[in-house]
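Written below as structure tokens is the structure these notes are about.
The values are calculated or read from the model by the stated rules, or taken from the named source; none is laboratory data. None of the values given here were measured: they were computed from a predicted structure. All Cβ positions, even for glycine, are placed from backbone atoms using ideal geometry, and neighbour counts span all protein chains on display.
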Amino acid sequence: MTDRREFIPWIVACALLMQNLDSTAVTTAVPQMAHSLGVAPIKLSAAVTSYVLAVAVFLPASGWAADRFGARTIFATAIGLFTLASMACGLAPDLTSLVIARVVQGIGGAMMVPVGRLILVRSVPRERLIQAMARTTTPALVGPALGPLAGGLLTSYASWRWIFFINLPIGIVGIALVLLLVPNIKGERETLGRFDLTGFLISGVALGSFVAGLEGLSRPGGVSGGVILLLLVAAAAAIGYWAHARRCARPVIDLSLFRHASFAAGAGGGSLFRLGAGALPFLMPMLLQVGFGMSPIASGSTTFLTAIGALTSKSFARPLLRKLGFRVVLVGNALASGIVLGSLALIRPTTSHALLVVALFVGGMLRSIQFTSMNSVTYADVAPAEESQANTVANVAQQLSISVGVAVAAIMLQLAQAMRGSSHLTAPDFPPAFLLIGLLTAASAWWFARLDAGAGAAMTGHVRRVSS
């Protein structure tokens, strides 16, 4: 009889894919949404920002909620909330209704993603975690690559509302599978403690202000008094949270987990890597559509090659890690990924399409292997009682790094425009941004190089294989 745990990685992967598809498809449909709702396209940024802010603010509470009420209960509830909010988004008659529904959708997403990964970590034996992570990290690449294509097709041949309605059958099936196959694992009572409400409020101010400030910086003329104030508030709240966390027995975001070298590499080095990887889904469709004049469908079809590369390589991570170990794979892959991302600065409208295809395909392969490796090594030395907190901190770091990556890319584009003295984006504005995100991605190799050669041996079998 098949062990029901075999299905858990696929259930978690479907939930992650639903969220990633939704968040990336929405940006493609902004012009059509604005026309339908009778507002200027620039005002639709509120629908994007509100979702990101809700995720950032509520994500730290996910670990405690899963420990207190059970991971299955929270996971199913989060999928249900995300699905209902998706329906509300699709039915929204005006911008205000859409923004409110997106906030609720963000709250569901804030619980859905980290709790899904927590279920995976707690349900799968450590020696099989790499293979399970390979299945669930694929949506991190497939979603951003498939989203623009799906958004372009739906808005061109149906309606932007179907971007949200398509989540309904996925969500209903997901809830049924979760209730049927996922165990309702709870945290240990002696380590659960009371919810850190003070820390949650302070971290909410810090994370929300930071993400809002970054979003403001990424806009034309972003350096303003309001944006600077938001970033100052974020810095002050972050310092306040750090002081609070040192005194709190069980803080909502446990910074002491960085004492584990493997966790520091996965969450810290992984964040630096994701700065570049997170900026690519923002930069590439814009380059192809604005810089090269491609249609949304043609652009989405091209960027989808990243997803094909990710799917192709999902079985490579485990054999590579067994043969070489976490440190060698993470360092080498970070450098290779940085080179591939940086090489996109050389792409011109006259560049052979075959070269672009190869670059996107290979880049997707490399990042898929890196995501699997980073997500796995994060939990290599974490004790079972720390898994919930480790999952929360890692997901917060991941969310922030992606937001920072997009903001950095947007700022580079603005600087390039300013140097040309133009208010319109053109293809020559993109190379500096690609070079920078390539450099940041490669720089993460320094953090991974600090890992011990035998780090995560219980997962990979690398040291045991060599010693035998």
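Taken over the stretch 242-268, the criterion of being buried (at least 17 other Cβ atoms within 10 Å of the Cβ), under 19 Å from residue 401 (Cα atoms) and not β-branched (Val, Ile, Thr) is satisfied by 254, 257, 262, 263, 264, 265, 266, 267, 268. Taking the criterion of being in a loop (DSSP other than H, G, I, E, B) and buried (at least 24 other Cβ atoms within 10 Å of the Cβ), the residues of the stretch 372-391 that qualify are 378, 379. Check whether at least one residue in the stretch 200-217 is of a type in the set (Val, Ile, Thr), surrounded by fewer than 19 Cβ atoms within 10 Å (Cβ to Cβ) and over 23 Å from the mean Cα position of the chain (by Cα), and report yes or no. Within the stretch 200-217 (the criterion being of a type in the set (Val, Ile, Thr), surrounded by fewer than 19 Cβ atoms within 10 Å (Cβ to Cβ) and over 23 Å from the mean Cα position of the chain (by Cα)), the answer is no, since none of the residues qualifies.
The residues on offer are 373, 368, 352, and the sole one that is of a type in the set (Ser, Thr, Tyr), assigned by TED's automatic domain parsing to the domain that holds residue 273, within 30 Å of residue 429 (Cβ to Cβ) and touching a helix residue (DSSP H, G or I) at 6+ places or on another chain (Cβ under 7 Å) is 368.
Every residue, every condition in (1) out of contact with any helix residue (DSSP H, G or I) (no Cβ under 9 Å at 6 or more places or on another chain); (2) under 30 Å from residue 66 (Cα atoms); (3) surrounded by 21 or more Cβ atoms within 10 Å (Cβ to Cβ), yes or no:
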residue	(1), (2), (3)
397	no, yes, no
403	no, yes, yes
409	no, no, yes
426	no, no, no
430	no, no, yes
449	no, no, no
453	no, no, no
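Per the listing 62, 97, 36, the residue uniquely in a helix (DSSP H, G or I), under 21 Å from the mean Cα position of the chain (by Cα), at negative phi and not charged (D, E, K, R) is 62.
Do the conditions hold for residue 53, that is, is it assigned to a helix (DSSP H, G or I) and under 22 Å from residue 22 (Cα atoms)? The answer is yes for residue 53. Counting residues in the stretch 341-353 that are buried (at least 23 other Cβ atoms within 10 Å of the Cβ) and within 19 Å of the chain's Cα centre (by Cα) gives one or more.
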